[in-house]
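Visitor: Submitted below is the structure of interest, expressed as structure tokens.
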Amino acid sequence: TTLGSFLGYSEELDRLALECLPRLREQQMTWELGACLLALGMNACFRDVYPEAADYFEEAVAMGRSAGDQVGEVSALMWLGFVKLLLDDLVGARASFEAYHARAAELGNPQLLAYALSEGGNLADAEERYADAMRLHMEANELFAGVGDASGAGYALSRASLSAYGMENYEEALRLGRAGYEASSEVNHRWGTIVALCRIGFAALALGAVDEAQRTLRAALERAHASAAISLELLALSGIGALLRETGEREQAATMLTFALGHEQLPPSYSFAARPALEALEAELPPEQLAAARLAAAAASLDDLVTRALEPVA
């Protein structure tokens, strides 16, 4: 179940891990319990229930340490730091990443060190230190390439796309987003391909490539919806909202952006690319149109807006 969970959420694997959990506790199978907790934490993360995920990862760290499972311990530390980032707990994220990096350095495993570098890049992105983040992600990508880890390479390249976007280098953001998508597709990494499509879409939109932005953001939304990945649905929906502003459908754009950016399950690190579009709309729209958009957002459900966003283009 742990290996399968690395590729994205699977309801069947989650059910199996939940069934195993009480039996492993009862039998005091510490190593296996740590692996099960790691799988449950990843699944909770993919389901966007981050406090639950953090609880699983914290216990997985303890179980890995108790069992002498160094790889299990450092993997749980990495995921714990990532979840802390999604919860906007930068202090907690830094503590987890630093502990992870120290343990990975002790083990001397280049793959674990690559993830340590990229997670450091994630923290730098969250702190808007985009040049530092880019350097770390690209160093990680070199290590991933050296050990033939396509999934890790996809992760690092996709994250580097976000860093390039933050530096307003949209052509590089587009190139890196495409490279991240290709690498994630090689291993059928569901979460990775969806996020990369979103990053391609935002970069294409910034470059005025409306058709590519529309195609990739719709594809991301369709896949996120099929995977019940709420945070990724919201990310894609925010991109489509920004796109609608560019195509002149400003009130509908304001509705989608207000809903997506105000949703509690959209991590703060996912909102920065679309926020300028909403701020512009709040300045551009007449007060009555802005009020109508806000009312529509308050009355809408995620499924309603996803259905509307995926309607055939006229």
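Each reported figure results from applying straightforward, stated rules to the coordinates on display, with no laboratory input. Because the structure is a prediction, the values reported are computed rather than measured. Ideal geometry is used to build each Cβ from the backbone, glycine not excepted, and the neighbour counts take in all protein chains shown.
Visitor: Kindly provide the trypsin sites (Lys or Arg not before Pro) of segment 127-164 that DSSP labels as loop, not H, G, I, E or B, and whose Cβ sees at most 16 other Cβ atoms within 10 Å.
Guide: Values: sites: Arg129, Arg135, Arg159; in loops: Arg129.
Filter output for segment 127-164: Arg129.
Visitor: Only one of the values (1) 171; (2) 122; (3) 149 was calculated from this structure for volume of the Cα convex hull per residue in Å³; name its label.
Guide: Here volume of the Cα convex hull per residue in Å³ agrees with entry (2).
Visitor: Would you mind counting up the charge near Leu176? Only other residues with Cβ under 12 Å from its Cβ, with Lys and Arg at +1 and Asp and Glu at -1.
Guide: Details: positive: Arg159, Arg175, Arg178, Arg199; negative: Glu171, Glu172, Glu182.
Local charge sum for Leu176: +1.
Visitor: Hand me the GluC sites (Glu not before Pro) from segment 224-289 located in a DSSP loop with no more than 16 other Cβ atoms within 10 Å, in residue order please. Mind showing how you got there, number by number?
Guide: Values: sites: Glu233, Glu246, Glu249, Glu251, Glu264, Glu279, Glu282, Glu284, Glu288; in loops: Glu249, Glu264.
Loop-located and lightly packed - Glu249, Glu264.
Visitor: Which of the GluC sites (Glu not before Pro) across segment 143-197 are loop residues per DSSP, with 10 or fewer other Cβ within 10 Å?
Guide: Working: sites: Glu168, Glu171, Glu172, Glu182, Glu186; in loops: Glu168.
Of the GluC sites (Glu not before Pro), the ones in loops of segment 143-197 whose Cβ has at most 10 other Cβ atoms within 10 Å are Glu168.
Visitor: Could you run the Karplus curve 6.51 cos²θ - 1.76 cosθ + 1.60 with θ = phi - 60° over segment 109-115 and give me ³J(HN,Hα) per residue in whole Hz, x for Gly and Pro?
Guide: Going residue by residue, I get 8, x, 5, 5, 5, 4, 5 Hz, with x marking Gly and Pro.
Visitor: How large is the dipole of the chain about the Cα centre if only Lys and Arg carry +1 and Asp and Glu carry -1, each at its Cβ, rounded to the nearest 20 debye?
Guide: On the way: 23 positive and 45 negative charges, 52 e Å.
Using only the charged Cβ atoms, the result is roughly 260 debye.
Visitor: Could you work out the relative contact order of the chain? I mean the mean sequence separation of Cα pairs under 8 Å and 6+ apart, divided by the number of residues, in percent.
Guide: Details: 504 pairs, mean separation 33.4, N = 314.
Relative contact order here is 11 percent.
Visitor: Apply the Karplus parameterisation 6.51 cos²θ - 1.76 cosθ + 1.60, with θ equal to phi minus 60°, to every residue of segment 23-37 and state each ³J(HN,Hα) to the nearest whole Hz, in sequence, with x for glycine and proline.
Guide: Using θ = phi - 60°, the values come out as 5, 5, 5, 4, 7, 6, 8, 4, 4, 5, 5, x, 5, 5, 4 Hz.
Visitor: At a 10 angstrom cut-off on C-beta neighbours, averaged per residue, how do the peptides 63-73, 147-157 rank from highest to lowest? Walk me through the numbers on the way to the answer.
Guide: Values: 63-73: 18.7, 147-157: 21.8.
For the peptides 63-73, 147-157, the packing ranking is 147-157, 63-73.
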